[in-house]
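These notes concern the structure reproduced below.
The values are calculated or read from the model by the stated rules, or taken from the named source; none is laboratory data. All of these numbers come straight from a predicted model, not from anything done at the bench. Quick reminder, even Gly has a Cβ in these numbers, built from the backbone with ideal geometry, and neighbours come from all protein chains shown.
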Amino acid sequence: MVAPPAFSCRRAGSESSHSSSDSTTSIGTGYDLSNSIFSPDGRNFQVEYAVKAVENGGTSVGIRCKEGVVLAVEKVVASKLLKPGANKRIATIDRHMGVVYSGMIPDGRHFVERARGEARSWRDQYKTPIPSDQLASRMGGYLQVYTLYQSVRPFGITAIVGGFDSELEAPVDGEVGNGPSVGAGGKAQGKTYGGPKLYMLEPSGLYWGYFGAATGKGRQSAKAELEKLDLAGEGGENMTLEQAVKEAARIIYVAHDDSKDKEFELEMTWISASTGPTKGLHQEVPKALRDEAERLAKAALEGDDEDEAKDKMEE
Amino acid sequence: MEFGTSGDLGHDGIHVDMDRLKKGEVNLGTSIMAVTFKDGVILAADSRTTTGAYIANRVTDKLTRVHDTIWCCRSGSAADTQAVADIVQYHLGLYAMTNGQPPTTQVAASIFQELCYSNKDRLSAGLIIAGWDERHGGQVYAIPLGGSLHKQPYSIGGSGSTYIYGFCDANWKEGMNEEEAVAFVKGALREAIKWDGSSGGVIRMVVLTAKGADRHLYLPDTDYKVRHM
């Protein structure tokens, strides 16, 4: 094995992000020049820089409630020449599954392409939709490989995957015929299957399942807002999918509020159960509902501003 | 008329050697069936294996496990069906490990179908897949020669099945209990063995329910009346 490169170059402007105790070993020693070489304190700097790329991207949010999943993204308007509402950022992986990402958009497009391939190959082999946990696992593995080799760089995205695994019995795609008309015998009683699923995947390949997930520039305030919703407890239990859409819109507006400088568009998709508004499919939130959600989001922000103004007057 | 063993159309351009066995290949000239019932599903088969007129094995087990509570009945070429079942068993074992839960009968049926359809020119395999899982209960899928997939309340297959279509149609009931279902299956196979020269020997069964797989064995010595272990 070749000895670690002893270059004297400095990593541009990111020293402060590393802990100071190891400054003699981790600064300017060349450990950040490649994947596949650990720094002596056991870090992969390329992966950490990929996270930086994500932290500059437009905020993405995912909310999981009992009735389904909502995905939302703050789409920063890069140019006034771009057609409003075109250039969609949330992609469909399979009929029941979507993904939104923050960071480098071309990397995200490639992620989507691969995820669609995984969903397709699952269907080819098992003739049934891929379960969300399987898709997350396969894509986590895919991302991880890009942290191992000299010839590649990690993905500059963090992706939020939302899916609704069918709660119904799953037929084989294309099967003909029926079982007995009295129904199949010997089913376990009182059990439910499938349901709404939400995963977030990071550049390292790390992924977890979440009740609510946020990434990108405004992730900190977005996460603070998500935590207030108590999605893991009664909040998630009682929240309707429409409420989740409105919360997602509000949270994107709150997260954007911290950096008011640029114009943005709000893009939102949702997935419900087969009995819900999307019938188990991943679809764009209808314009009427999105407009209503945006109106409420703006009103909520103005309300906050009025409160602040009042506070000042009382001083 | 000699139809040959190549599987190609005969010289008359009409007749095909349907089971396409090579000269001397071991054949499961068979009676197999699977039925759904109240608590799950039952698979059953005779035990005769032939090479031409010679009985190569009189106590064959044509019921093959591909997962704990997913089994299949094999008919056609013994070699082909064993190979296909082995491949499916491998896939289902891997599926259970990577997925953290046992596969459903649908998953098994779709893997069987993919193998049978994509290799249809090279296989002679007529399969019945039957399984129990807690989500879908007991289910029966048939995969006949071309590799199509049919969900059925019950299914019969093999050369002996031609003799028992009437029996099954007349005696089949939905939602039977285990005792009734065993009696129905046994009655059907007794007729198939009686009339079909390529079927015979013992009757084997496996009952798949929430309790797992339970095997039955009935011998002609006791007129198929006593359950042996």
Quiz prompt | Filter result (closer than 17 Å to residue A:216 by Cβ, touching a Lys or Arg at 6+ places or on another chain (Cβ under 9 Å) and crowded, with 19+ Cβ neighbours inside 10 Å) within region A:65-88 | solution = A:70, A:73, A:74, A:75
Quiz prompt | Among the residues listed as B:113, B:101, the single one being at pLDDT below 95, over 20 Å from residue B:206 (Cα atoms) and either surrounded by 24 or more Cβ atoms within 10 Å (Cβ to Cβ) or not basic (Lys, Arg) (or both) | solution = B:101
Quiz prompt | Verdict on residue B:220 being within 14 Å of the chain's Cα centre (by Cα) and either farther than 26 Å from residue A:186 by Cβ or free of Cβ contacts under 8 Å to residues at least 40 places away in the same chain (or both) | solution = no
Self-check item: Leading residue by the ranking (surrounded by the fewest Cβ atoms within 10 Å (Cβ to Cβ)) among those in region B:116-140 that are among the hydroxyl-bearing types (Ser, Thr, Tyr) and within 11 Å of chain A (Cβ to nearest Cβ)
Solution: B:118
Practice problem: Kindly list, by first and then second residue, each pair from a residue in region A:177-205 that is more than 11 Å from chain B (Cβ to nearest Cβ) to a residue that is part of a loop (DSSP other than H, G, I, E, B) and among the acidic types (Asp, Glu), limited to pairs with Cβ atoms under 8 Å and residues at least 6 apart or on different chains. | Solution: A:195/A:167; A:196/A:67
Practice problem: State all residues of region B:91-115 that are away from chain A (no Cβ under 11 Å) and in contact (Cβ under 8 Å) with a residue 24 or more places away in the chain; if no residue qualifies, say none. | Solution: B:93, B:96, B:102
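Quick grid of which residues meet (1) surrounded by fewer than 18 Cβ atoms within 10 Å (Cβ to Cβ); (2) modelled with pLDDT of 95 or more; (3) touching a strand residue (DSSP E or B) at 6+ places or on another chain (Cβ under 8 Å); (4) within 14 Å of chain A (Cβ to nearest Cβ):
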residue: B:27; (1), (2), (3), (4): no, no, yes, no
residue: B:34; (1), (2), (3), (4): no, yes, yes, yes
residue: B:42; (1), (2), (3), (4): no, yes, yes, yes
residue: B:46; (1), (2), (3), (4): no, yes, yes, no
residue: B:55; (1), (2), (3), (4): yes, no, yes, no
residue: B:70; (1), (2), (3), (4): no, yes, yes, yes
residue: B:78; (1), (2), (3), (4): no, no, yes, no
residue: B:87; (1), (2), (3), (4): yes, yes, no, yes
Practice problem: Scan region B:192-204 and give yes if some residue there is within 13 Å of chain A (Cβ to nearest Cβ) and in a loop (DSSP other than H, G, I, E, B), otherwise no. | Solution: no
Exercise. For region A:208-315, please list each of the helices (runs of 4 or more DSSP H) lying entirely inside it that holds at least 1 residues being modelled with pLDDT of 95 or more.
Key: A:219-228, A:241-257, A:287-314
